[in-house]
Structure formats: C-alpha cells, structure tokens
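The values are calculated or read from the model by the stated rules, or taken from the named source; none is laboratory data. Keep in mind the model is a prediction, meaning the values are calculated, not measured. Every residue, glycine as well, gets a Cβ built from its backbone with ideal geometry; the counts of neighbours run over all protein chains shown. Ligands, DNA and RNA are excluded from the accessible area calculation, which covers all protein heavy atoms including side chains. Shrake-Rupley method; radii C 1.70, N 1.55, O 1.52, S 1.80 Å.
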Amino acid sequence: HCFQVRGGPRGERYYSCGSRQERDLWIYSLRKSIQPNADALRRTDNSLKMWIYEGKALPPKKKYFCEISLDKTLYGRTSVKLKTDLLFWGEHFDFSDIPEINVIYVNVFRECEKKKKRDKNVLVGTVKIPIHEVTSRTFSEDWYPIIIDKHDSLSKSSAKDPIPKLRIKCRFQSNWVQRAAA
C-alpha cells in the first residue's frame, strides 16, 4: 500500500500506508490540493482494473513476482510467491486517473537467491496486452503467453514443453466527464 510522488525540490519520494483505503485517501487529498477545481472541469477519466491471478508452466521451487507497466512506466508490483504445484497471486490493482495508454506490460521476474547478494532478479519474460483488447464494459479474462527473454534458462526448453502463461483479468475504461450544470 505505497505510492510515489515525483517532482518538486526533493525529487522522487515514496510513502507507505497501512491499508489501501488510507493510501487512496492520501492520493485523493494530494490531487485535491494540487487542482482543487478538478471536479468542475471537463476531462477524460481513464482507469484500469486488473487482477494477476496465476502463472503456469514456470519451473518449480523458484520465487516469482510481476511488475505492471503501462506504456513502459512502472505502476505496480505483485508480492513474491514460491512456485510449488501452483503459482498463485490473486492480487488486484486499481489504477485510476491514468493517462492515455497503448499497451499493458506485465514483466515476470524470478527472484534471486538470498545467499547470492550480488545477483539481481532475472526477467523471465513479458506479457504484452494491447489496450484495445481490454477496452470494454465487461472484464476480459484470459491466459496470456509469457514472451520469454532469450537470456533466461527457460528459453532453452524444448518445443514440446508447454508455453508459460499468466492468467489475467482486466478492463480499461475511458470516460468523458462533463462538468455539472449550475
């Protein structure tokens, strides 16, 4: 339950909250202080609701997490989960008041081993979802193939192995908001 504030004399700052409601209240208050009359203006309100449910056909006994980027800008990250019989996150993301976007990227990472502190997390692959595929009144849920990074050991698997996939449910909406008549 964190958020980032960019710009200003101090540069980027990160804030942590105790709950999603507290985080949302802080973000609402900050936006209201920056632009107090935003509710009275005509605007386009873009939002994305997304669930990262589960992954399949990834090697077991490894820890994985996902990062969600909208047009290559990082917006969210799942928790780290150990792949046993099942790799399940079941995490919900609600991005409101976002700019116009073209593509949702979900990068799947394998966490490095804690014993090897110099190692970095390894990008396993990426799910690429064009925004026009999820712009709808209803949610779109599907198994999306993970496009494997060529440098990862998964790319050395045989053609008979199943393709790694993520089950994702999402919906992008763009609404035109008119100001209320006085």
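For ARG43, the conditions (1) under 19 Å from the mean Cα position of the chain (by Cα); (2) under 28 Å from THR138 (Cβ atoms); (3) not polar (S, T, N, Q) all hold with the exception of (1).
With respect to the stated conditions, THR73 fails to be open to solvent by less than 80 Å² (accessible area, probe 1.4 Å), modelled with pLDDT under 90 and among the hydroxyl-bearing types (Ser, Thr, Tyr).
Step by step: first the residues of the stretch 71-86, then only those that are aliphatic (A, V, I, L, M) and in a strand (DSSP E or B), then the one that is nearest to LEU166 (Cα to Cα). Which residue is that?
Among those that are aliphatic (A, V, I, L, M) and in a strand (DSSP E or B), it is LEU82.
Of the set (1) under 23 Å from ILE148 (Cβ atoms); (2) surrounded by fewer than 15 Cβ atoms within 10 Å (Cβ to Cβ); (3) in contact (Cβ under 8 Å) with a residue 60 or more places away in the chain, all apply to VAL80 but (3). Of all residues in the stretch 1-39, those satisfying the criterion of being of a type outside the set (Gly, Ala, Ser), open to solvent by less than 80 Å² (accessible area, probe 1.4 Å) and in contact with a helix residue (DSSP H, G or I) (Cβ under 8 Å, 6 or more places away or on another chain) are PHE3, VAL5, CYS17, LYS32.
Residue selection: ILE68 satisfies the criterion of being touching a Gly at 6+ places or on another chain (Cβ under 6 Å), part of a strand (DSSP E or B) and modelled with pLDDT of 95 or more. Take LEU58 and decide whether it is open to solvent by 90 Å² or more (accessible area, probe 1.4 Å) and either more than 22 Å from VAL177 (Cβ to Cβ) or not in a loop (DSSP other than H, G, I, E, B) (or both). No, not satisfied. Any idea how many residues of the stretch 87-145 are outside any strand (DSSP E or B) and either closer than 24 Å to LEU48 by Cα or open to solvent by less than 50 Å² (accessible area, probe 1.4 Å) (or both)? Total satisfying the criteria: 16. Only one of the numbered conditions (1) under 28 Å from VAL103 (Cα atoms); (2) surrounded by 10 or more Cβ atoms within 10 Å (Cβ to Cβ); (3) not acidic (Asp, Glu) is not met by ARG42, and that is (2).
The residue of the stretch 137-182 that is nearest to THR126 (Cα to Cα), among those that are at pLDDT 95 or above and touching a Pro at 6+ places or on another chain (Cβ under 6 Å), is ILE146.
Just the residues that are β-branched (Val, Ile, Thr) and within 20 Å of ASN121 (Cβ to Cβ), please, taken from the stretch 30-80.
Result: ILE52, ILE68, THR73, THR78, VAL80.
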